[in-house]
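K.L.:
Sending over a structure as structure tokens; questions will come in a sec.
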Amino acid sequence: GVRLTYVQLLDKARQLASALLRSGLQPGDRMGIWSHNNAEWVYMQLGTALAGLVLVNINPAYRTAELEYALNKVNCKALVTMPRFKTSDYLGMLRELAPELNAGPADQQYELLSEKLPATKAIYWIDSPDDTTQEAGMMRFSALLASGDANDPRIDQVARLLHPNDAINIQFTSGTTGFPKGATLTH
């Protein structure tokens, strides 16, 4: 149900890129997305690219062990996730992996210090406009997006440093003969 012009989409992507850079992520850092197709997924693909980040696509069918493996394999610094999809309770699985989330404040930037996910420092959950749910240790995606500025000059500074052969995306294969393998795509 979301309709945007290309200019509006670019503004959203730049706003997200700014928010991600303001959150402390640096070009080259990996950031995961665990979601089915939605507008936020598109914003993430474009926003991470503008910020020089590498988007790691986490399969929506993954269970806890596969999620842990994928996040740790590529050292994801942050993750954007849906709360749930079909029978999968994504936030519940994350709390199983990182019970430290329960000690964090709700809807604020929070530095996660997790034993099982040592590289992952922030989790953002995709909320809807009418959602009043509070999630301890996590920040709403809408709040993250709102913290950015599409006119942030750092976005253009990062763009000047990017090269066509830089990594832009890591996709995990199905792993029929063992653990999934990460395939890296470039700009």
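K.L.:
Non-local amide H neighbours of V54 (under 5 Å, H modeled in plane, Pro and chain starts lacking H): which ones?
P.N.:
Amide H neighbours of V54, under 5 Å, 5+ apart: G28, D29, R30, M31.
K.L.:
Please compute the modelled spin-label separation between F85 and Q26, points set 7 Å along Cα→Cβ, answer in nm with one decimal.
P.N.:
For the pair Q26/F85, the computed spacing is 3.1 nm.
K.L.:
May I pose another question? Could you list the GluC sites (Glu not before Pro) in the stretch 87-131 that lie in coil according to DSSP, counting only those with at most 14 other Cβ atoms within 10 Å of their Cβ?
P.N.:
Working: sites: E96, E100, E111, E115; in loops: E111, E115.
Loop-located and lightly packed - E111, E115.
K.L.:
Share of antiparallel DSSP beta bridges in the chain, in percent to the nearest 5?
P.N.:
Once the DSSP bridges in the chain are tallied, antiparallel ones form about 25 percent.
K.L.:
Would you calculate the separation in nanometres between label points at T64 and L161, each defined as 7 Å from the Cα along the Cα-to-beta-carbon direction?
P.N.:
Between T64 and L161, the simple spin-label model gives 3.8 nm.
K.L.:
Determine the share of the stretch 96-187's accessible area contributed by carbon and sulfur atoms, expressed in whole percent, with a 1.4 angstrom probe. Kindly include the intermediate steps, with their values, before the conclusion.
P.N.:
Details: 2800 of 5220 Å².
Taking all protein chains in place, the stretch 96-187 shows 54 percent carbon and sulfur surface.
K.L.:
What are the residues whose amide H is under 5 Å from the amide H of W125, where those residues sit 5 or more places off or on another chain and H is modelled from the backbone?
P.N.:
Hits under the 5 Å cutoff: T81, M139, R140, F141.
K.L.:
Moving on to the next point. Counting Lys and Arg as +1 and Asp and Glu as -1, what is the net charge of the other residues whose Cβ lies under 12 Å from the Cβ of I126?
P.N.:
-2
K.L.:
So what is the 222 nm mean residue ellipticity for the chain from helices alone, if each DSSP H run of at least 4 adds -39500 (n - 2.57) and you divide by all residues, rounding to the nearest 500 deg cm²/dmol?
P.N.:
Helix-only estimate at 222 nm: -10000 deg cm²/dmol.
K.L.:
Sticking with this structure for a sec: Considering the chain as a Gaussian network with a 10 Å cut-off on Cα pairs, which listed residue, T64, T48, T133, attains the greatest mean-square fluctuation?
P.N.:
Maximum fluctuation in the GNM of the chain, among the listed residues, is at T133.
K.L.:
Could I ask something else about it? Excluding residues on the same chain fewer than 8 positions from K181, give the lysines whose Cα lies under 29 Å from its Cα.
P.N.:
Filter leaves K73, K77, K86, K116, K121.
K.L.:
Which residues does a label at A143 reach in the stretch 91-121, if reach means a backbone N under 15 Å from a point 7 Å past the Cα toward the Cβ?
P.N.:
101-112
K.L.:
Ok, one more. Apply the Karplus curve 6.51 cos²θ - 1.76 cosθ + 1.60, θ = phi - 60°, to the phi angles in the stretch 16-25 and return the couplings in whole Hz, x for Gly and Pro.
P.N.:
3J(HN,Hα) across the stretch 16-25, in whole Hz: 5, 4, 4, 4, 5, 5, 5, 6, x, 6.
K.L.:
How much area per residue is accessible in the chain when the probe is 1.4 Å and only protein heavy atoms are counted (Å²)?
P.N.:
Value for the chain: 50 Å² per residue.
K.L.:
Tell me, how many Å apart are the Cα centres for the stretch 1-69 and for the stretch 130-156?
P.N.:
What the calculation gives is 12 Å, centre to centre.
The values are calculated or read from the model by the stated rules, or taken from the named source; none is laboratory data. Quick caveat, the model's predicted, so the values are computed rather than measured. Note that we place each Cβ from the backbone using ideal geometry, even for glycine, and neighbour counts take in every protein chain shown. Protein only, heavy atoms only, side chains kept; ligands, DNA and RNA dropped before computing areas. Shrake-Rupley method; radii C 1.70, N 1.55, O 1.52, S 1.80 Å.
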